[in-house]
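Asks: There's a structure below that I have some questions on.
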Amino acid sequence: MQIYADNAATTALSPKVLEAMMPYLTEVYGNPSSLYRTGGIAKDAVEKARENIANLIGAKSASEIYFTSGGSESDNWAIKGVCKILKDKGKNHIITSKFEHHAVLHVCESLAKEGFEVTYLDVYSDGLVKPEDVKAAIKPETALVTIMYANNEIGTVQPIAEIGKICAEAGVLFHTDAVQAMGNVPVNVTDDNIDLMSLTAHKFHGPKGCGALYVRKGVRIANLIEGGAQERNRRAGTENVAGIVGLSKALELAVSTMDERCERLTKMRDRLIEGLLKIDRSRLNGSQEKRLPGNVNMCFEGIEGESLLLRLDLAGVSASSGSACTSGSLDPSHVLLSLGLPHEIAHGSLRLSFSDDNTEEEIDYLLEKIPQIVEYLRSFSPLWDKIANENK
Ligand SMILES: *Cc1c(COP(=O)(O)O)cnc(C)c1O
């Protein structure tokens, strides 16, 4: 059996999305900025997509949507763009959380080098930011609050509407990285009091390399990419027309199928979690209730996440570990550490993330294989021996 369980990293392109994109990859190749007919058709497609996306996220106007190359660019643009404007007004403080995506954390770190003060809020053992912590951290110098809608490793869904309300009342701008939330939880920028929001197509069965930034009308933001006059002089570069059409179609499909899909995925998720929790010394990372329907993130004491992944790969399962164990770096994931997990436990993590393409039979298979692999790896783990001996 081959199982793709890494949908938080990226998703398969939907055939319906590809079909919508196809004309713009073939006959309609004109530049949207040109005056001749094929250019005009491409421009119309881009503007139709903008209107559609604005409606799907509850924006008041299509002019609040800007197309980008994806989630990373949108995050960079939102944070750097706002901070550049507000720094001149004496606002040099950013509030974020400890478990943001690196596209947010690394931007905050680089702004810190330019003199910004950054407050990194705790996320506690349930993987949730507390709105009262946001409120307590706001001060007259605060330029921006940036808190992700849903976490990409542990899938916890943050109290975004509450945080949005606090920011609106305090008169502080609020950005959210909604990359993981889009199509999985109802997102409405107006109801949630969101000023800036990042999204990317490839996390909901759209193409890679195309995203958007929502910027509420009236919010001032400096440009990130300078050049031509595209996107009303705000983001230069010839539009990724096929990508934009794909983003719009993928979001439309994700939103229209959300209720049914989430109900099915939540049941599958909970069945898997309950089964895996039967493994001795296992734990679920982050709240089970306030969680993306397709996310399971567990730790199994006494083993390395990487060994588990390699064994799962041999069994036909594509999954991911929380830890970024790349070429010699043995640091566990900053997300798991932010929950207060000790290093040795954070090393034994596994993230399984599902989409509508996954089946109950696949869950059965995982429930059979994972306990076997964990037991096998523990059978020659000195760390497991130590844990087992201590608890005799
Ligand atoms: C995937 C992801 C990103 C990055 O998006 P790209 O389109 O790959 O640049 C940013 N934030 C979160 C939460 C993500 O999951």
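Asks: For LYS290 and PHE380, FRET efficiency with R0 = 30 Å and r from the beta-carbon atoms, rounded to 0.05?
Replies: 0.20
Asks: Pull up all non-local amide H partners of SER321: gap of 5 or more, or a different chain, and H-to-H distance under 5 Å with H placed in the peptide plane.
Replies: Amide H neighbours of SER321, under 5 Å, 5+ apart: ARG351.
Asks: Return a whole-number percent for the relative contact order of the range 266-392, with Cα pairs under 8 Å and 6 or more residues apart as the contact set.
Replies: Once normalised by length, the contact order is 31 percent.
Asks: Provide the packing ranking of 240-248, 12-20, i.e. peptides ordered by the mean count of other C-beta atoms within 10 Å per residue, highest first.
Replies: Ranking the peptides 240-248, 12-20 by packing returns 240-248, 12-20.
Asks: Short version: ³J(HN,Hα) in whole Hz for each residue of the range 181-195, in order, from phi by Karplus 6.51 cos²θ - 1.76 cosθ + 1.60 (θ = phi - 60°), x for Gly and Pro, what are they?
Replies: Karplus-based 3J(HN,Hα) across the range 181-195 equals 7, 3, x, 10, 9, x, 10, 9, 4, 6, 4, 8, 6, 8, 8 Hz.
Asks: Here is a follow-up. Residue-wise, which Karplus ³J(HN,Hα) couplings in Hz belong to the range 153-163, taking 6.51 cos²θ - 1.76 cosθ + 1.60, θ = phi - 60°, and x for glycine or proline?
Replies: Calculated HN-Hα couplings, in order: 8, 9, x, 6, 9, 7, x, 5, 4, 5, 5 Hz.
Asks: Which number do you get for Rg(Cα) / (2.2 N^0.38 Å) in the range 226-278?
Replies: 1.97
Asks: Something else: If one takes the longest principal axis of the Cα atoms in the chain, at what angle in degrees, from 0 to 90 and to the nearest 10, does the Cα axis of helix 258-276 lie?
Replies: 20
Asks: Using θ = phi - 60° and the Karplus relation 6.51 cos²θ - 1.76 cosθ + 1.60, list the HN-Hα couplings for the range 354-370 in order, rounded to whole Hz, with x at every Gly or Pro.
Replies: 10, 10, 4, 6, 7, 10, 4, 4, 5, 5, 4, 4, 5, 5, 8, 6, 4
Asks: Here is a further query. Enter the Cα centre distance for the pair the range 105-168 and the range 340-363, rounded to the nearest angstrom.
Replies: 25
Asks: I've got another one for you. Would you please put 107-120, 88-101, 190-203 in order of how densely packed they are, using the mean number of other Cβ atoms within 10 angstrom per residue and starting with the highest? Before the final figure, lay out the partial values.
Replies: Details: 107-120: 15.3, 88-101: 19.8, 190-203: 24.6.
The most tightly packed comes first, giving 190-203, 88-101, 107-120.
Asks: What residues of the range 300-316 lie in the reach of a label at GLU390, counting those whose backbone N is under 20 Å from a point 7 Å from the Cα along Cα→Cβ?
Replies: 300-306
Asks: Using only helices, what value at 222 nm comes out for the chain when you add -39,500 (n - 2.57) per DSSP H run of length 4 or more and divide by the total residues, to the nearest 500 deg cm²/dmol?
Replies: After summing the helix terms and dividing by the residues of the chain, the value is -13000 deg cm²/dmol.
Asks: Taking the Cα centre of each part, how many Å lie between the range 1-56 and the range 203-217?
Replies: The range 1-56 and the range 203-217 have Cα centres separated by 11 Å.
Asks: Let me ask something else. Just to be sure I understand: with springs between alpha-carbon atoms less than 10 Å apart, which residue in ARG291, ARG269, ARG235 has the highest mean-square fluctuation in the Gaussian network model of the chain?
Replies: So, out of ARG291, ARG269, ARG235, the one fluctuating most is ARG235.
Asks: So for the range 51-186: antiparallel DSSP bridges make up what percent, rounded to the nearest 5?
Replies: Values: 1 of 12 bridges.
The answer is about 10 percent antiparallel.
Asks: Suppose we keep just the DSSP beta bridges with both residues in the chain; what percent of those would be antiparallel, to 5?
Replies: 55
Asks: By average Cβ neighbour count within 10 Å, what is the ranking of 249-261, 64-76, 218-230 from highest down? Mind dumping the intermediate values first?
Replies: Details: 249-261: 18.2, 64-76: 23.5, 218-230: 14.3.
Output ranking for 249-261, 64-76, 218-230: 64-76, 249-261, 218-230.
Taken together, the values in this text are just the output of simple stated rules run on the coordinates, not laboratory data. Quick caveat: nothing in here was measured; it's all calculated off a predicted structure. Cβ atoms come from the backbone with ideal geometry, glycine included; neighbour counts cover every protein chain shown.
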